[in-house]
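Data first, discussion second: the structure below is written as structure tokens.
Please treat every number below as a calculation from the coordinates, not as lab data. Quantities reported herein were computed from a predicted structural model and do not represent experimental measurements. Please note: Cβ atoms are built from the backbone with ideal geometry, for glycine as well, and neighbour counts cover all protein chains shown.
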Amino acid sequence: MGDAARVSVIIPHWNGIEILSDCLDSLTKSTYPNLEIVVVDNASSDGSPDWVTEHHPNVNLVRCGENHGYAGGCNRGAEVAKGKFLLFLNNDTVHEPGWIEPLVESVEVDESVAAVQPKILNYFERNKFDYAGGAGGALDILCFPFVRGRVFFELEEDEEQYDIAAEIFWASGTAFLVRKSVFEDSGGFDESFFAHQEEIDLQWRIHLMGYTIKAAPQSVVYHRNAATLPMESPRKKYLNHRNSLLMLLSNYNLPLTLYLFPIRFVLEFVAALYAVALFDFPHVLAVFKSLGWIVIHPRLIARRRRRVHLLRKLSDKEMMGKFYSGSVVFDYYLRRKRRYRDLIPNP
């Protein structure tokens, strides 16, 4: 691969020198011959920027004066990246040495493919898929995400059941490669998301532009899930609820938005009632805080809708085949379909 296209690995970072050290050490073992590594420091308070400068002088370090989150950090990394391809990567990952080559090959052999993700396994239990990405993401029409290998909190063991390359709806922000030209044309990550589901929103727009997203299971990454923001964090729950609603209100055409939002609104109240039954009052607050944010940001939603309209090449009718046609909430909780293979028999 002497003429290999340059890949810019972009790592947004906020505190945690130890996990960043493991990630950068792992990247040095990568066999891909043309890498640029960009670390975007989101105003860490633990001396991370100086540590990177001292221990990894070949890394392109971007110092931010404030925490821009995953979305903002990645955007700032993309601005300085020189690669044909951008590889967005969480700082709490380690990787197989040959993990980048299958990603590049997947997009280079097919011009319609804009982005691709590796198989993401759990760092601590390496026979299991990781919560954040598994073998590629799916989305139901009400904007509830799930992945090949994980439905809500049910994680499958990796038995090579998803080792065939396949089209997916979204590639996990934990690790995915995208054409820089498509990323720029799409407008990049929406920084109002801050963190969580911003990659789904980005790739929804990429689908609307006429491209596809794929999984490349020959590429393997191991992820320490929730190293930055714990699973039970009320802020994480708030961002997940809010950002999912923001996608639904922004990315469909108006008739479908008006049809689906009342259904989703009811499910938000069901989620709140379920949290009350579990005495999980921080989760209840997260649900209502997310709804409140939506109510007071109509102009932002309107701006997002205009941007999507300008990018759109596919109609919602053409998009429907890319979504899971049922409700993953209904199928998981009432029909007891707990695995991706139960929902989609021929994944």
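The packing ranking of peptides 32-42, 81-91, 159-169, highest mean first, is 81-91, 32-42, 159-169, where packing means the average number of other beta carbon atoms within 10 angstrom of each residue. Centre-to-centre, using Cα atoms only, the stretch 133-160 and the stretch 1-20 are separated by 25 Å.
What dipole magnitude, in Debye to the nearest 20, does the chain give about its Cα centre under +1 on Lys/Arg Cβ and -1 on Asp/Glu Cβ? Don't skip to the end; give the middle numbers.
On the way: 38 positive and 43 negative charges, 319 e Å.
The calculation lands at about 1540 debye.
For Ile37, the amide hydrogen comes within under 5 Å of the amide hydrogens of Val9, Asn60, counting only partners 5 or more places away or on other chains and with H modelled in the peptide plane. Converting phi to 3J(HN,Hα) with the Karplus coefficients 6.51, -1.76 and 1.60 and the offset θ = phi - 60°, the stretch 279-294 yields 6, 9, 6, x, 5, 4, 4, 4, 4, 6, 5, 5, 5, x, 4, 4 Hz in sequence order, with x at every glycine or proline. Along the stretch 322-337 the Karplus relation, 6.51 cos²θ - 1.76 cosθ + 1.60 evaluated at θ = phi - 60°, assigns HN-Hα couplings of 8, 8, 6, 6, x, 9, 5, 5, 4, 5, 6, 7, 9, 8, 6, 8 Hz to successive residues, with x for each Gly and Pro. Quick one: how many lysine pairs in the stretch 8-223 have C-alpha atoms under 25 angstrom apart, if they're 8 or more apart or on different chains? Taking the stretch 8-223 as the scope, the lysine pair count is 16. Separation of the stretch 33-79 from the stretch 100-122 is 24 Å, based on Cα centroids. Around the amide H of Ser219, modelled in the peptide plane, lie the amide H atoms of Lys119, all under 5 Å away and 5 or more residues distant in sequence or on another chain.
In this structure, the amide hydrogen of Lys128, modeled 1.01 Å from its nitrogen in the peptide plane, lies closer than 5 angstrom to those of Asn122, Asp158, counting only residues at least 5 positions away or on a different chain.
Computed from backbone phi with θ = phi - 60° and the Karplus coefficients 6.51, -1.76 and 1.60, the 3J(HN,Hα) list for the stretch 55-70 is 9, 9, x, 7, 7, 7, 9, 10, 9, 9, x, 8, 7, 8, x, 4 Hz; x is used for glycine and proline. Dividing the mean sequence gap of close Cα pairs (under 8 Å, 6+ apart) by how many residues the stretch 8-223 holds gives a relative contact order of 25 percent. Legend: Rg and Dmax of the stretch 235-347, from Cα coordinates, 15.8, 46 Å.
Can you check what the Kirkwood hydrodynamic radius comes to for the chain, Cα pairs only, in Å to one decimal?
In the chain this quantity evaluates to 20.5 Å.
Note down the net charge around Ile164, summing +1 for each Lys or Arg and -1 for each Asp or Glu among other residues with Cβ under 14 Å from its Cβ. Residues close to Ile164 contribute a combined charge of -1.
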